[in-house]
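The numbers here are math on the coordinates, done by the rules we state, and not lab data. Just so you know, these numbers come straight off a predicted model, no measurement behind them. Cβ: placed from backbone, ideal geometry, glycine included. Neighbour counts: every protein chain shown.
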Amino acid sequence: MAIDRVFVEDVGKFDGQVITLKGWLYNKRSSGKIWFLLLRDGTGVIQGVVSGNDVSPEVFDLYERLTQESSIIITGQVHGDKRAPGGYELWVKDVRIIQTADDFPITPKEHGTAFLMERRHLWIRSRRQNAILKIRHEIIKAIRDYFDSKKFTLVDAPIFTPAACEGTTTLFETDYFGEKAYLTQSGQLYMEAAAMAFGKVYCFGPTFRAEKSKTRRHLTEFWMVEPEVAYADLNDIMGLAEELIEFIVTRVLENRLELLKILERDLSKLETIKRPFPRIHYDEAAAILKGADTEFVYGSDFGGADETLISNNFDRPVMVYQYPADVKAFYMKNNPDDPSKALCVDVLAPEGYGEIIGGGQREDDLDTLKAKIQKQNLPEEAFDWYLDLRKYGSVPHGGFGLGIERTVGWICGLEHVRETIPFPRLMHRIYP
Ligand code: 4AD
Ligand code: MG
């Protein structure tokens, strides 16, 4: 009797035994008296060896009918073989076709990105996309484990919101029973309320920005983890950010090395990600850009290319703090010793991956906050509840948002964030 049902990632536990695997045909090749199939089942890919001596003539003749992505169930004996990828192959005794797939569009040859994006629902079956999305899972798991182990409370933020958090230019507006509502850009304001209730909290969920920029770093729907801590200042927040990032990278290297190898990731670039990370003032970052080929002017925010120029000076993420308050969001606290600067931090990933974290210390004084809301022409009524937090037990506090897709893109070493999320939403893409 065959052992039913085994997953490819577990075959090593069954060396010498007869097992049943259920999956799809990844590829095949024949050399006359013997033919080979590659079965994938989502946990891995294994080679099956089909010999005329071991199977019935009907099974042997299935070769012609076996098309790429046909669903198949195979039974065979596990055989350790150092040359086989994964270290094992299956000496096949039986093959059953569950459904024959005709003309699967994504063949082993190279395809253009537009072609693949249009078929994302099928593309995610490929070995490379599979590896990326599994690393994404590992990163999310690491983040949750990190905050849970530090006794942060998970508090979910709403998706429909009455007001902007990150500027009014990237809001997605919806009709909410005759009133205007917006898809959330960030759960931060709600986390500030939650931090005053629970001390230290985080939310993890989808966020939305009507980004009209077509860059390799922007999605219109992306996932963000946002911790918020009561009685914390900018330094505490930078400490939390670097510890989290180190934790994530270490975890992926520990648990997902094989997947990083499939992606041909330069592991040496990840092995250096150890605290402490460099911390530089906005002025120092601006000085790096002096004389470089950029349109950057002092006082403005850094563009993507500027971030690359800055981060190229470091072999680990660099924390740039205290940007000019005028280019940052209304909720940021100004530096009391230099009010033109905000007590904020952006963490720029190495190798040109740009900003993966934005955050800092929040304005905790009621009147100053009111004045900032007015100055940015934001509708005060929508922020009444938020201002309450400064009336009832206001304390210094802060937090940050880490973008999941940019983090996945960096750790996997990808060209574009579109491959870091199962079904990317971009300015010109909402299908499939
Ligand atoms: O810097 P951002 O806009 O900060 C906030 O939203 C704060 N309210 C977070 C907080 O303090 N709780 O966004 C945070 C991160 C960025 O560093 C980036 O990693 C990611 O979110 N991000 C995007 N990722 C993909 N596509 C986009 N369009 C993104 N916009 C921001
Ligand atoms: Mg930012």
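With +1 on each Lys and Arg Cβ and -1 on each Asp and Glu Cβ, how big is the dipole of the stretch 120-420 about its Cα centre, in debye rounded to the nearest 20?
On the way: 38 positive and 48 negative charges, 230 e Å.
I would put it at about 1100 debye.
For the stretch 40-79 and the stretch 164-237, what is the centre-to-centre distance using only Cα atoms, to the nearest Å?
Taking the Cα centre of the stretch 164-237 as reference, the centre of the stretch 40-79 is 49 Å away.
For the chain, return all DSSP H helices satisfying: extent of Cα atoms along own axis at least 27 Å; mean Kyte-Doolittle hydropathy at least -1.0. Don't skip to the answer; put the middle values down first.
Numbers: long enough: 127-149 (32 Å, -0.69); 234-255 (32 Å, 0.61).
Flagged H segments are 127-149, 234-255.
How do the peptides 309-315, 389-395 rank, highest first, by the average count of neighbouring beta carbon atoms within 10 Å per residue?
The densest-packed peptide leads the list: 309-315, 389-395.
Given the chain, report the % of alpha carbon pairs whose separation exceeds 43 Å. Could the numbers behind the result be given before it?
Values: 24275 of 93096 pairs.
Considering the chain, 26 percent of its Cα-Cα pairs are separated by more than 43 Å.
Name the residue farthest towards the positive end of the dipole of the stretch 8-99 from the options Leu21, Ile98, Gln47, assuming +1 on Cβ of Lys and Arg, -1 on Cβ of Asp and Glu, about the Cα centre.
Towards the positive end, the residue furthest out is Gln47.
Specify which residue in the list His121, Pro108, Tyr176 is farthest towards the positive end of the charge dipole of the chain, using unit charges on the beta carbon of Lys, Arg (+1) and Asp, Glu (-1), about the Cα centre.
Pro108
For the stretch 204-321, how big is the tail of P(r) above 18 Å, as a whole percent of Cα pairs? It would help to have the intermediate numbers written out before the result.
Working: 4622 of 6903 pairs.
Beyond 18 Å sits 67 percent of the P(r) for the stretch 204-321.
With contacts defined as alpha carbon pairs under 8 Å and 6 or more residues apart, what's the relative contact order of the chain in percent?
On the way: 829 pairs, mean separation 58.6, N = 432.
Here the relative contact order equals 14 percent.
Please sort by residue number the GluC sites (Glu not before Pro) in the stretch 47-118 whose DSSP state is loop and whose Cβ has at most 16 other Cβ atoms within 10 Å. Working shown, then result.
Working: sites: Glu58, Glu64, Glu69, Glu89, Glu110, Glu118; in loops: Glu69, Glu110.
Sites meeting the loop and neighbour criteria: Glu110.
Need the list of aspartates and glutamates near Lys13 for cross-linking: C-alpha distance under 20 angstrom, and skip anything on the same chain fewer than eight residues off.
Cα-Cα hits under 20 Å: Asp4, Asp41, Asp81, Glu89, Glu258.
Given the rule -39500 (n - 2.57) for each run of at least 4 DSSP H residues, summed and divided by the residues of the chain, what is its mean residue ellipticity at 222 nm, to the nearest 500 deg cm²/dmol?
Details: 13 runs with 123 residues, N = 432.
The helix contribution divided over the chain gives -8000 deg cm²/dmol.
Of all the C-alpha pairs in the stretch 210-253, what % are more than 18 Å from each other? Mind dumping the intermediate values first?
Working: 510 of 946 pairs.
Roughly 54 percent, rounded to a whole number.
Quick one: which of Lys151/Lys200; Lys328/Lys370; Lys341/Lys391; Lys370/Lys391 span more than 19 angstrom between C-alpha atoms? Could you put the intermediate results ahead of the total?
Details: Lys151/Lys200 8 Å; Lys328/Lys370 16 Å; Lys341/Lys391 25 Å; Lys370/Lys391 12 Å.
The answer is Lys341/Lys391.
Roughly how many nanometres apart are two label points built 7 Å out from the Cα toward the Cβ at Asp365 and Thr250?
The modelled label-to-label distance comes out at 4.0 nm.
What's the ranking of 280-291, 399-410, 27-38 by average number of surrounding C-beta atoms within 10 Å, highest first?
Per-residue mean Cβ counts within 10 Å order the peptides as 399-410, 280-291, 27-38.
Select from Lys13, Lys328, Lys214 the residue whose mean-square fluctuation is largest in a Gaussian network model of the chain (Cα-Cα springs shorter than 10 Å).
Judging by the Gaussian network model, the answer is Lys13.
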